[in-house]
Amino acid sequence: QVQLVESGGGLVQPGGSLRLSCAASGFIFSNYAMSWYRQAPGKERELVARINNNGGTIYTDSVKGRFTISRDNAKNTVYLQMNNLKPEDTATYYCRANWCRIYWGHGTQVTVSS
């Protein structure tokens with residue numbers, strides 16, 4: 001059974017950091033491009049970062065220089081290191097796998113507030 005399980009979300013103050021993890025199982029992880037998306041209440045889901053199976057990465061402009069996506073194929077896990085968090089980063093963060101099929105995790109909540 002395919003599973004994508006996000007973890008690492010929480011409540012942080014502006015300027016703080018979090019590291020999100022997405023543990024994958026049930027498919028050939030190394031074949032898949034992995035992405036982090038986020039969605040705030042009442043807003044459209046948006047791409048945050050993507051890492052291809054060759055290691056290439058892309059980021060949405062609003063997180064460049066603050067967030068870093070990485071993957072560990074031996075652990076079937078993708079990470080999102082988030083530094084200098086801002087209130088506008090508050091959202092539910094979702095893990096996505098994309099190759100021959102698309103799989104989604106159920107999300108982890110990130111709240112940035114004083």
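Here are some notes:
- Accessible-area composition of the chain, carbon plus sulfur, in percent [1.4 Å probe]: 45 percent
- Electrostatic dipole magnitude of the chain [Cβ: Lys, Arg +1; Asp, Glu -1; Cα centre; debye, to 20]: 140 debye
- The phi-based Karplus calculation (6.51 cos²θ - 1.76 cosθ + 1.60; θ = phi - 60°) puts the 3J(HN,Hα) values of the stretch 97-109 at 10, 9, 8, 6, 9, 10, 10, 10, x, 9, x, 9, 7 Hz, whole numbers, x for Gly and Pro.
- ³J(HN,Hα) computed for each position of the stretch 42-50 - Karplus, 6.51 cos²θ - 1.76 cosθ + 1.60, integer Hz, glycine/proline x: x, 10, 6, 5, 10, 5, 9, 7, 9
- At most 16 other Cβ within 10 Å, DSSP loop - trypsin sites (Lys or Arg not before Pro), the stretch 52-114: K64, R66, K75, R101
- Karplus-based coupling profile of the stretch 72-77, in residue order and whole Hz: 10, 5, 5, 9, 6, 9, with θ = phi - 60° in 6.51 cos²θ - 1.76 cosθ + 1.60 and x standing for Gly or Pro.
- Mean accessible surface per residue for the chain, computed with a 1.4 Å probe while every protein chain stays in place, in Å²: 53 Å²
- W36 accessible area, assembled protein chains, probe 1.4 Å, Å²: 0 Å²
- If you run the Gaussian network model on the chain, springs between alpha carbon atoms under 10 Å, then out of N84, N54, N98 the most flexible one is N54.
The values are calculated or read from the model by the stated rules, or taken from the named source; none is laboratory data. Everything numeric here is computed off the predicted structure, so don't read it as measured data. Cβ: placed from backbone, ideal geometry, glycine included. Neighbour counts: every protein chain shown. Note: areas computed on protein heavy atoms with side chains; ligands, DNA, RNA excluded. Shrake-Rupley method; radii C 1.70, N 1.55, O 1.52, S 1.80 Å.
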